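Q: Got a structure for you, questions after.
Bear in mind these aren't lab numbers, they're just calculated from the coordinates by the rules spelled out. Owing to the predicted nature of the structure, the values given are computational and were not obtained by experimental measurement. As a convention, Cβ positions derive from the backbone with ideal geometry for all residues, glycine included, and neighbour counts pool all protein chains shown.
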Amino acid sequence: MAKKPLLEFTDRGIYCAQGKFYIDPWKPVDDAVITHAHADHAYVGHKHYLAHYLSKEVLLYRLGEIQLQTVAYGETVMKNGVAISLYPAGHVIGSAQIRVEYKGEVWVVSGDYKVEDDGISTPFEPVQCHHFISECTFGMPVYTWKPQVQIFEDINNWWRSNLHNGLATVLVGYSLGKAQRILQNLDLFNGKVYTHGVIENTNEALRRNGVILNPTERITQDSVKEEVRKGIIIAPPSSVGTPWMRKFGPYSFGYCSGWMAIRGAKRRRAADRGFILSDHADWDGLVSAIDATGCESVYLTHGYTATFARYLNGIGFDAHEVHTLYGGEEEAPSQPPPEGEELKETEEKIFEVSPTGGDLEGAGTTS
Ligand SMILES: [Zn+2]
Ligand SMILES: [Zn+2]
């Protein structure tokens, strides 16, 4: 009889029977190990949580009172003979890959990851393993990111030209990850940074956790419109097109997302500028990260799983698609087109190649 694998894919999440724990389960369980605090990985309702210590305050803010044990990267926790340790995933602050070892067999669960050092998350570290469970949100060759320094140069120039043209500047990005990455890379010589409450709540949680972020000012009822218009506003996707945003007009509105690499994505969000900036690995990043693990087999959890599995099998990996509920928390192309605007031909094509599960949770669940 074949040996039972150390990690299995169940309808509750990734399960380790030997250690009796789950990784990023989406249904309530007794013992959950959490890769990071995004909504599609950190669900409410588990009895016990284990996560990186930099995820602590954001998890408490998002999930309320939970029983949470935290560890540093590289620290080991034993559960029934199974060694669990966390390694940097480079995705957002506190994000971790989970390494699981039992009797010499090593599995690594990536959660979400990117390989570029964003200057704020602990940089991704490849971990040697036999079996690698990987995301592949952007697992198509068309997704190739430019270095972030170039993207932020574009963003800072756009902000300057808006000031010159008497426009306010609104930059949209997800509240955990993108917002802080933007904040730390803005040229504060241009002006002050104002934040939507949802983003400021996340910033405050991170600051409670000891993370040092650039100064921000929360937008409230008392904020003076003309002052705010001289700075830059960082806002979550859920605020797009709302009266809250409209009151700062006239403005130029930019959107930061990996999906901005596809035609029509900017127009679909009614954005003036699309900045291709993602907290997920691009095609080359995925391939190099998987290669660096030295693994025999790869399990693909979310994204372009079919295309990417075919490619990996073609270059000698033993790759499999698996069904999970991950994906869509931060970058899904799920924002519907504005009222009255039909999908253009190019956009229909985009939907055909949309990643599996990409629309599962909608764009707003972490906002
Ligand atoms: Zn994530
Ligand atoms: Zn995710």
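Q: Kindly state, as a whole number, the per residue volume in cubic angstrom of the convex hull around the alpha carbon atoms of segment 130-223.
A: Details: hull volume 15.3 nm³, N = 94.
Cα-based convex hull of segment 130-223, divided per residue, equals 163 Å³.
Q: In whole Å, what are the extents of segment 55-150 along the principal axes defined by its C-alpha atoms, from largest to smallest?
A: For segment 55-150, the Cα extents along the three principal axes come out at 46, 35, 19 Å.
Q: Tell me the mean residue ellipticity at 222 nm calculated for the chain from its helices only (DSSP H runs of n ≥ 4, each -39500 (n - 2.57), averaged over every residue, nearest 500). Don't skip to the answer; put the middle values down first.
A: Working: 10 runs with 86 residues, N = 367.
Value at 222 nm, helices only, nearest 500: -6500 deg cm²/dmol.
Q: Under 27 Å between alpha carbons, and skipping anything fewer than 8 positions from residue 266 in its own chain: which lysines qualify?
A: 114, 146, 178, 192, 225, 230, 247, 344, 349
Q: Helix 283-293: angle to the longest alpha-carbon principal axis of the chain, degrees 0 to 90, nearest 10?
A: It works out to around 30 degrees.
Q: In addition: Residues in segment 244-276, backbone N under 20 Å from the label point at residue 230 (7 Å along the Cα-to-beta-carbon vector): list them, ranges by number please.
A: Those under the cut-off are 247-252.
Q: Can you figure out the FRET efficiency of residue 208 with residue 160, using R₀ = 41 Å and their beta-carbon distance, to the nearest 0.05? Don't skip to the end; give the middle numbers.
A: Details: r = 33 Å, r/R0 = 0.80.
Working from the Cβ atoms, E equals 0.80.
Q: Using the alpha carbon gyration tensor of segment 148-275, what are the three equivalent-ellipsoid semi-axes (square root of 5 times each eigenvalue), largest first, in whole Å?
A: Values: eigenvalues 80, 62, 45 Å².
Semi-axis lengths for segment 148-275 are 20, 18, 15 Å.
Q: Also, I was wondering about something else. Taking the Cβ of residue 284 as the centre, find all other residues whose Cβ is under 11 Å away and add up their charges (Lys, Arg: +1; Asp, Glu: -1). Could the numbers behind the result be given before it?
A: Numbers: positive: none; negative: 116, 282, 291.
So the surrounding residues net to -3.
Q: Please give, to one decimal in nm, the separation of the simple spin-label points placed at residue 105 and residue 117, each 7 Å out from Cα toward the Cβ.
A: Output for this residue pair reads 3.6 nm.
Q: How big is the antiparallel share of DSSP beta bridges in the chain, given as a percent to the nearest 5? List each step's numbers first, then the result.
A: Details: 21 of 59 bridges.
Percentage antiparallel, nearest 5: 35.
Q: Mind checking the full-extension length gain between residue 128 and residue 223? Use 0.36 nm per residue of separation minus the Cα-Cα distance, one decimal, nm. Kindly include the intermediate steps, with their values, before the conclusion.
A: Working: separation 95, 0.36 × 95 = 34.20 nm, distance 5.08 nm.
Working it through step by step, the gained length comes to 29.1 nm.
Q: Helix 197-208 versus the longest principal axis of the chain: what angle, 0 to 90°, nearest 10, using Cα atoms?
A: Its long axis makes an angle of about 50 degrees.
Q: If you build the Cα gyration tensor of the chain and take the root of 5 times each eigenvalue, what three semi-axes come out, in whole angstrom, biggest first?
A: Numbers: eigenvalues 251, 108, 61 Å².
Semi-axes, largest first: 35, 23, 17 Å.
Q: Between residue 263 and residue 144, what is the label-to-label distance in nm when each label sits 7 Å out along the Cα-to-Cβ direction?
A: 1.8 nm
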